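The values are calculated or read from the model by the stated rules, or taken from the named source; none is laboratory data. Keep in mind that what you see is a predicted model, and the values were worked out from it rather than measured. Cβ placement follows ideal geometry from the backbone for every residue including glycine, while neighbour counts extend to all protein chains displayed. SASA here: full protein model, heavy atoms, side chains in, ligands and nucleic acids out. Shrake-Rupley method; radii C 1.70, N 1.55, O 1.52, S 1.80 Å.
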Amino acid sequence: MKQEKKSLAQRFAKAAGVALALFMSAQSVTAAEPVKVGFVYVGPTGDAGWTYSHDKARKYVEEQLGDKVKTTYVESVAEGADAERVIRQLAKSGNDLIFTTSFGYMNPTLKVAKQFPKVKFEHASGYKRAKNVGTYFDRIYEGRYLTGVIAGKMTKSNIVGYVGSFPIPEVVRGIDAFTQGLRSVNPKAVVKVVWVSSWYDPAKEREAAETLILQGADIINQHTDSPGPIQAAQAKGVYAFGYHSDMSLYGKDAHLTAATHNWGPVYLEKVKSVMDGSWTSTDFWGGLASGATALAPLNPAIPEDVVKLVEERKQAIIDGKLHPFQGPVKDQSGAVKVPAGEVMSDEDLLSLNWYVEGVEGELPK
């Protein structure tokens with residue numbers, strides 16, 4: 001009987017050991033499971049602009065983390081009801097972190113986030129946050145200012161065209177920063193704006209650029225996502241600036257440079273914080289100093305003295321000695337909005353809804 005009890009105890013201990021091993025193995029597998037990250041894009045990944053820059057960053061995260069991360073994305077998602085549906089589906093699919101990459105996704109992101117409190121969300125260019133919703137953007141207006149300096153030095157007609165998407169603070173801020181840079185070196189130059197009411201519409205963007213060229217613009221800038229304006233400038237023999245990414249492929253003679261985003265390191269840090277449990281809802285707004293904003297390679301057609309000036313101003317911005325909106329800053333009427341010796345606050349920059357001196361026409365309401 002004692003031997004039987006001993007054998008039974010041994011079998012029980014062995015079974016318990018096997019169960020424990022299986023449990024530990026399961027725990028190990030769970031710990032090794034990759035963090036799942038979803039992305040929602042407003043345009044196609046091949047737009048060469050905004051969405052392309054975000055998808056490039058997604059791939060960068062995959063390259064850096066390998067099998068520790070699994071990403072998925074949905075492209076060409078309209079702002080509004082479609083966005084809410086897609087964001088909710090990504091949350092239901094078990095994503096640990098979801099990047100929603102357009103201004104119009106802000107409210108849909110917040111709505112879905114409330115329903116999925118365990119999922120982390122990061123919204124690009126927004127200003128509303130929640131416990132599980134952070135926001136991020138780059139100070140692309142710093143790059144805009146530098147392109148304005150180049151334009152001011154290279155325009156011969158003193159008319160520069162700007163293709164705009166929507167009259168929201170983000171876009172107005174870019175137009176104004178560009179104009180500030182332009183007129184800092186050429187007070188006679190003016191900016192004309194044509195709005196296309198779309199983030200991505202190659203035909204409309206190209207047509208808008210052609211309209212501006214007919215109005216005398218010999219340099220074109222844009223806050224839209226396709227290379228349409230670059231292609232128009234190349235065809236008409238004028239200069240242009242790309243946006244979001246290096247668009248020189250679409251007009252090697254026309255393309256002077258581009259104000260670009262470098263989302264890769266930003267995304268990598270956000271994903272790592274989810275992996276190690278340190279993620280919190282924050283508002284990231286980095287620029288040239290952080291590396292989140294940059295300029296594409298400069299066209300050899302830009303004179304050496306202009307290249308030197310741009311480098312000096314770039315370094316001054318990085319060092320905090322220069323700000324694109326340091327006073328005096330005047331509006332179209334000539335009224336001083338930022339006095340000499342002061343700098344426009346981030347709060348005012350984020351809600352900017354007026355043109356600076358040098359921009360022609362009325363801002364649509």
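Could you list, in sequence order, the residues of the stretch 141-165 that are open to solvent by 10 Å² or more (accessible area, probe 1.4 Å) and without any contact (Cβ under 8 Å) to a residue 60 or more places away in the chain?
Within the stretch 141-165, N158, I159 meet the criteria.
Residues to consider are D246, D253, D225; find the one that is acidic (D, E), open to solvent by less than 10 Å² (accessible area, probe 1.4 Å) and out of contact with any Ser or Thr (no Cβ under 6 Å at 6 or more places or on another chain).
Working: D246 fails: open to solvent by less than 10 Å² (accessible area, probe 1.4 Å); D253 fails: open to solvent by less than 10 Å² (accessible area, probe 1.4 Å).
The unique qualifying residue is D225.
Which of the residues that make up the stretch 66-88 are open to solvent by 10 Å² or more (accessible area, probe 1.4 Å), of a type outside the set (V, I, T) and in contact with a strand residue (DSSP E or B) (Cβ under 8 Å, 6 or more places away or on another chain)?
Of everything in the stretch 66-88, those that are open to solvent by 10 Å² or more (accessible area, probe 1.4 Å), of a type outside the set (V, I, T) and in contact with a strand residue (DSSP E or B) (Cβ under 8 Å, 6 or more places away or on another chain) turn out to be K68, K70, Y73.
On the given criteria, is D138 farther than 14 Å from Y41 by Cβ, acidic (D, E) and surrounded by fewer than 22 Cβ atoms within 10 Å (Cβ to Cβ)?
On the way: farther than 14 Å from Y41 by Cβ: yes; acidic (D, E): yes; surrounded by fewer than 22 Cβ atoms within 10 Å (Cβ to Cβ): no.
Taking the combined requirement at face value, the residue does not satisfy it.
For the stretch 327-347, which positions are surrounded by 12 or more Cβ atoms within 10 Å (Cβ to Cβ) and either out of contact with any Phe, Trp or Tyr (no Cβ under 9 Å at 6 or more places or on another chain) or not assigned by TED's automatic domain parsing to the domain that holds G161 (or both)? Walk me through how you get there before you give the answer.
Of the residues in the stretch 327-347, the ones surrounded by 12 or more Cβ atoms within 10 Å (Cβ to Cβ) are 327-332, 336-338, 342-344.
Across the stretch 327-347, the qualifying residues are G327, P328, V329, K330, V336, E342.
Output the number of the condition that K128 fails; it satisfies all remaining conditions of (1) open to solvent by 10 Å² or more (accessible area, probe 1.4 Å); (2) among the basic types (K, R); (3) in the same structural domain as F178 (by TED's automatic domain parsing).
(3)
Considering only strands (runs of 3 or more DSSP E) fully contained in the stretch 226-291, which possess at least 3 residues that are touching a residue at least 60 places away in the same chain (Cβ under 8 Å) and closer than 19 Å to A151 by Cα? If you could, list the steps in order and put the result at the bottom.
Details: elements: 239-244, 255-261, 283-286.
Here the list reads 239-244, 255-261.
Kindly establish whether G361 is closer than 21 Å to K188 by Cβ and either open to solvent by 30 Å² or more (accessible area, probe 1.4 Å) or part of a helix (DSSP H, G or I) (or both).
On the way: closer than 21 Å to K188 by Cβ: yes; either open to solvent by 30 Å² or more (accessible area, probe 1.4 Å) or part of a helix (DSSP H, G or I) (or both): yes.
For G361, the condition - closer than 21 Å to K188 by Cβ and either open to solvent by 30 Å² or more (accessible area, probe 1.4 Å) or part of a helix (DSSP H, G or I) (or both) - is met.
For the stretch 264-306, name all the residues that are over 26 Å from G320 (Cβ atoms) and of a type outside the set (S, T, Y).
Result: V271, K272, V274, M275, D276, G277, W279, N299, P300, A301, P303, E304.
If the Cβ limit is 6 Å and pairs must be 6+ apart or interchain, which residue in the stretch 203-218 that is in contact (Cβ under 8 Å) with a residue 24 or more places away in the chain pairs with which residue that is open to solvent by 80 Å² or more (accessible area, probe 1.4 Å)?
So the pair list comes out as I213/K236; D218/K156.
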